[in-house]
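First the structure, in the form of structure tokens, and then the observations on it.
The values are calculated or read from the model by the stated rules, or taken from the named source; none is laboratory data. Since we're looking at a predicted model, the values are computed, not measured. Neighbour counts run over all protein chains shown; Cβ positions are idealised from the backbone, glycine included.
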Amino acid sequence: MEFFKRGRFEDFKVGISVAEVLEVAGDPDAITGPLPAIHLYGDLQLGFSEGGVLWYIALEPSGPEMALPGLPGARVRVKNFTFEEFANEAEVEGRLVVKCEPFVPGEYWWKFMGAEVFVQFDESGLLSVAGYSDRRLAN
């Protein structure tokens with residue numbers, strides 16, 4: 001749940017280098033191409049600028065479990081989050097969950113009040129995408 005609050009996922013936070021990510025997570029499962037590029041680690045997507053700086057972090061699970069980086073080269077399967085768990089975590093923290101339209105009118109996302117991680121849930125209530133970016137680092 002730390003990712004939803006602060007946009008930091010385990011050892012990954014925007015501003016670190018591709019070399020730092022490779023040291024911690026090993027080679028990605030897939031890469032979209034030369035920099036700038038997205039590196040895929042299971043259900044975790046890490047976006048790097050042309051200069052190799054991490055500027056985008058997203059989770060895109062497709063089901064009740066997520067595949068996430070473990071030791072370099074390994075993937076760990078963990079339970080996906082539900083909207084109910086998301087909302088309960090906010091309540092425990094004394095934070096509000098807000099519904100917003102940050103990208104396209106009519107496309108609704110959720111977030112913790114004061115956070116910039118945007119989250120969507122599928123019709124069954126499971127997390128379908130959560131993303132954080134710092135566009136200042138994208139170029």
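Figures for the structure shown
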item	result
Segment 62-82 residues that are farther than 16 Å from Gln45 by Cα and of a type in the set (Phe, Trp, Tyr), paired with ones that are assigned to a strand (DSSP E or B) and at pLDDT 85 or above (beta carbon under 7 Å, 6 or more apart)	Phe81/Leu127
Segment 1-41 - residue that is on the phi > 0 side of the Ramachandran plot and over 11 Å from the mean Cα position of the chain (by Cα) and, of those, surrounded by the most Cβ atoms within 10 Å (Cβ to Cβ)	Gly26
Test: Glu116 is without any contact (Cβ under 8 Å) to a residue 60 or more places away in the chain, of a type in the set (Asp, Glu), surrounded by 10 or more Cβ atoms within 10 Å (Cβ to Cβ) and farther than 22 Å from Val78 by Cα	no
Residue in segment 81-95 that is at pLDDT below 95, in contact with a Pro (Cβ under 9 Å, 6 or more places away or on another chain) and surrounded by 11 or more Cβ atoms within 10 Å (Cβ to Cβ) present	yes
Number of the condition not met by Glu107 [criteria: (1) touching a residue at least 40 places away in the same chain (Cβ under 8 Å); (2) outside any strand (DSSP E or B); (3) touching an Asp or Glu at 6+ places or on another chain (Cβ under 7 Å)]	(1)
Pairs with Cβ under 7 Å, 6+ apart, first in segment 1-27 and closer than 21 Å to Thr82 by Cβ and in contact (Cβ under 8 Å) with a residue 60 or more places away in the chain, second in a helix (DSSP H, G or I) and of a type outside the set (Asp, Glu)	Phe4/Phe86
Every residue from segment 53-85 that is closer than 29 Å to Ala138 by Cβ and charged (D, E, K, R)	Glu60, Arg75
Residue that is farther than 19 Å from Leu137 by Cα, of a type outside the set (Gly, Ala, Ser) and part of a loop (DSSP other than H, G, I, E, B), where the choices are Glu91, Glu50, Glu123	Glu123
